[in-house]
Amino acid sequence: MLTRRKLLDLVGKGLVMAGPAGALVTGAGVARASSLAEEHADPEKPKQSSSTAAAVENYSRRPPRFNDGRDWFFQKRFGLFTHWGIYSVGGWYEQHMNAKEMTRAEYMPFMRKFNPVKFDPDAWLDLAEQTGMEYVTFTTKHIDGFCMWNTRETSYNIMNTPYGKDTLKMLADACHRRNFPLCLYHSIMDEHNPIYPTAGRPYELPAPAPGDEPDEEKYLAFVKRQVQELCTNYGEIHGFWWDAKVLERKDPSFNALIRSLQPKAVINDRGFDSGDYSTPERDWDNSVNTELYFSKPVEACQSVGYQSWGYRVDEDYYTGAHLIGSIQKVLAKGGNYLLNVGPKPDGTICLEATTILQQIGKWYKAVKESLVDVEPASMMTDNRDVLLTQRGDTLYVHLFKEQEISSVYLHPIATLPRRATLLNTGEGVECDVLTLPRLAQDKVNRCLRLKNLPVSGGAGLVVKLEFEHLLARESGRGDAGFFVDRNHPACLTAGAPRPATSGKACRGTLSPHTTSSPRS
Ligand code: GLC
């Protein structure tokens, strides 16, 4: 096993540096490590070569930008997902029809009853904004094939319900009026259309219904015409969220069509080609846990309901604390987060979901500065129970999961910040730098400790640490906020070399430059 000690030796030799998930980064990362070694290492150490320094510029802790209109996706990173369709009438599951093995005729009453007279898109967007969300992704069609817009391609659409109004148009108008990006969810699977090539694959009905005429080519032409409608008739669209593609086929012409009509639209990875970003779902994709930051665009999705994405009368809801931890984890790693609610058949969002979103909104408002316009910086500590983000000389410590103790150790960071604040309350946080028994086996045994944190409320705490000089600012996008502190040569530290501050304590809101004077 590669110990921290050995790793340090290697870093010192400019051979490797710590990267995501404790992995070793080679290539550009090597250049970063060696150039930093030159800038800050003990002067007695032999100088490292800077021949690969230019490669450093290519190494970033953030996903590469698209450098076009799609880059809105990197600014607005928390969105509202809605799963809304005639299945809400059943109040059970968005996949009601296939899960209960219903025939189309048996499912039809849902359409006849769908009359969302209380639908008010501004109320949805108000709630999204209160939660801190900055875009919305709306289900135009789920696997039941029912279309929530005025499509010319099938009569199985919203205009033929008792409601008779184009719900997508209403939402799109509100979004455009409020400058709120709108993305469209669209299922490729279709349980209603008799030309869909049903073959009993996941999501599909067991077999074509009597009288169906499955024809994959014809069906895909139908999908394309609907995509054309969606990307033409509803003004600017900021994203296209494909789902339920069980067909084998790859075909870049679908995304090419979307891109030609809607250049700002980001496209997910569930369609006919790999798209722009990945979509880890619920807690199922372990990459969300193992990566320290995302080097490619990611939008994690989750529902407030444990069982269903659509409205469920007897739903088991996640706790606000669970969702807050999940959101915090993904945002702190540089991903986007799409949180789903299933609106009711009357068009409103139920009290339980509203309450959860309000709880999240309150938390998010307090800690937002730690999650936007920051870079992931978790590689600066070995403590895997927290995540770090960074802006300039400020580090934010995210307690994204339940903590075992009320202190946080940030080894190998061993420098006091000039100020430490709990963003959730605005109160100061006690901190000190000390030698810890449990780290004594390791030479890197001094570290910054944050003390007496109110951890009993579960995830979501964020401590803001303001340092005098946080090296990563000087090192631009490089990974290495580490260097050897001259006062403690065996320590890696996050602050610039300067007179020893170790062993002194600081309590929260010290004024600048007074960190080294203990306050009791
Ligand atoms: C799951 C569900 C599907 C839902 C999707 C959203 O795949 O099966 O119904 O639309 O998640 O990500």
Picking from 244, 172, which residue would you name as being open to solvent by less than 40 Å² (accessible area, probe 1.4 Å), touching a residue at least 60 places away in the same chain (Cβ under 8 Å), closer than 26 Å to residue 134 by Cα and within 16 Å of the ligand (Cβ to nearest atom)? 244
From the residues in segment 291-310 that are in a loop (DSSP other than H, G, I, E, B) and small (Gly, Ala, Ser), which one is farthest from the ligand (Cβ to nearest atom)? 295
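Of these, 328, 359, which one is in contact with a His (Cβ under 8 Å, 6 or more places away or on another chain), away from the ligand (no atom under 14 Å from the Cβ) and not in a loop (DSSP other than H, G, I, E, B)? First the steps, then the outcome.
Values: 359 fails: in contact with a His (Cβ under 8 Å, 6 or more places away or on another chain).
Result: 328 is the single residue among 328, 359 that is in contact with a His (Cβ under 8 Å, 6 or more places away or on another chain), away from the ligand (no atom under 14 Å from the Cβ) and not in a loop (DSSP other than H, G, I, E, B).
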More than 16 Å from the ligand (Cβ to nearest atom), within 20 Å of residue 183 (Cα to Cα) and β-branched (Val, Ile, Thr), is that true of residue 348? yes
Test: residue 313 is under 29 Å from residue 141 (Cα atoms), outside any strand (DSSP E or B) and open to solvent by 30 Å² or more (accessible area, probe 1.4 Å): yes
Sort out which residues of segment 273-290 are touching a helix residue (DSSP H, G or I) at 6+ places or on another chain (Cβ under 6 Å), open to solvent by less than 60 Å² (accessible area, probe 1.4 Å) and more than 13 Å from the ligand (Cβ to nearest atom), and write them in order of number. 273
The one condition residue 183 fails out of (1) more than 20 Å from residue 310 (Cβ to Cβ); (2) within 16 Å of the ligand (Cβ to nearest atom) is (1)
If you check residue 236 against the conditions, is it acidic (Asp, Glu), open to solvent by 10 Å² or more (accessible area, probe 1.4 Å) and either outside the structural domain of residue 102 (by TED's automatic domain parsing) or touching a residue at least 60 places away in the same chain (Cβ under 8 Å) (or both)? yes
Name the single residue that is nearest to the ligand (Cβ to nearest atom) among those in segment 199-241 being assigned to a loop (DSSP other than H, G, I, E, B) and of a type in the set (Ser, Thr, Tyr). 203
Given the residues 381, 319, 354, which is the only one that is assigned by TED's automatic domain parsing to the domain that holds residue 423 and either polar (S, T, N, Q) or within 16 Å of the ligand (Cβ to nearest atom) (or both)? 381
Restricting segment 59-76 to residues that are of a type in the set (Lys, Arg) and surrounded by fewer than 21 Cβ atoms within 10 Å (Cβ to Cβ), the residue that is farthest from residue 329 (Cα to Cα): 65
For residue 159, work out the one condition from (1) open to solvent by less than 10 Å² (accessible area, probe 1.4 Å); (2) more than 16 Å from the ligand (Cβ to nearest atom); (3) assigned to a helix (DSSP H, G or I); (4) over 29 Å from residue 299 (Cα atoms) it doesn't fulfil. (1)
Mind counting the residues in segment 85-104 that are touching a Ser or Thr at 6+ places or on another chain (Cβ under 9 Å) and of a type in the set (D, E, K, R)? 1
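Let's see how each residue does on (1) modelled with pLDDT of 95 or more; (2) open to solvent by less than 10 Å² (accessible area, probe 1.4 Å); (3) within 16 Å of the ligand (Cβ to nearest atom); (4) on the phi > 0 side of the Ramachandran plot:
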site	(1), (2), (3), (4)
108	yes, no, no, no
117	yes, no, no, no
124	yes, yes, no, no
127	yes, no, no, no
134	yes, no, no, no
148	yes, yes, yes, no
Per the filter on segment 419-439, residues within 13 Å of residue 463 (Cα to Cα), in a loop (DSSP other than H, G, I, E, B) and not polar (S, T, N, Q) are 423, 426, 429
Does residue 382 count as outside any strand (DSSP E or B), open to solvent by 10 Å² or more (accessible area, probe 1.4 Å) and in contact (Cβ under 8 Å) with a residue 40 or more places away in the chain? yes
With the structure loaded, tell me whether residue 211 is over 19 Å from residue 189 (Cβ atoms) and either over 29 Å from the mean Cα position of the chain (by Cα) or buried (at least 20 other Cβ atoms within 10 Å of the Cβ) (or both) or whether it fails that test. yes
Hits in segment 182-197 - residues which are buried (at least 22 other Cβ atoms within 10 Å of the Cβ) and either assigned to a loop (DSSP other than H, G, I, E, B) or more than 29 Å from the chain's Cα centre (by Cα) (or both): 188, 189, 190, 191, 196
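The values are calculated or read from the model by the stated rules, or taken from the named source; none is laboratory data. Quantities reported herein were computed from a predicted structural model and do not represent experimental measurements. In this analysis, Cβ positions are derived from the backbone assuming ideal geometry, glycine residues included, and neighbour counts consider all displayed protein chains. We work out accessible area using only protein heavy atoms, side chains counted, and drop any ligands, DNA or RNA first. Shrake-Rupley method; radii C 1.70, N 1.55, O 1.52, S 1.80 Å.
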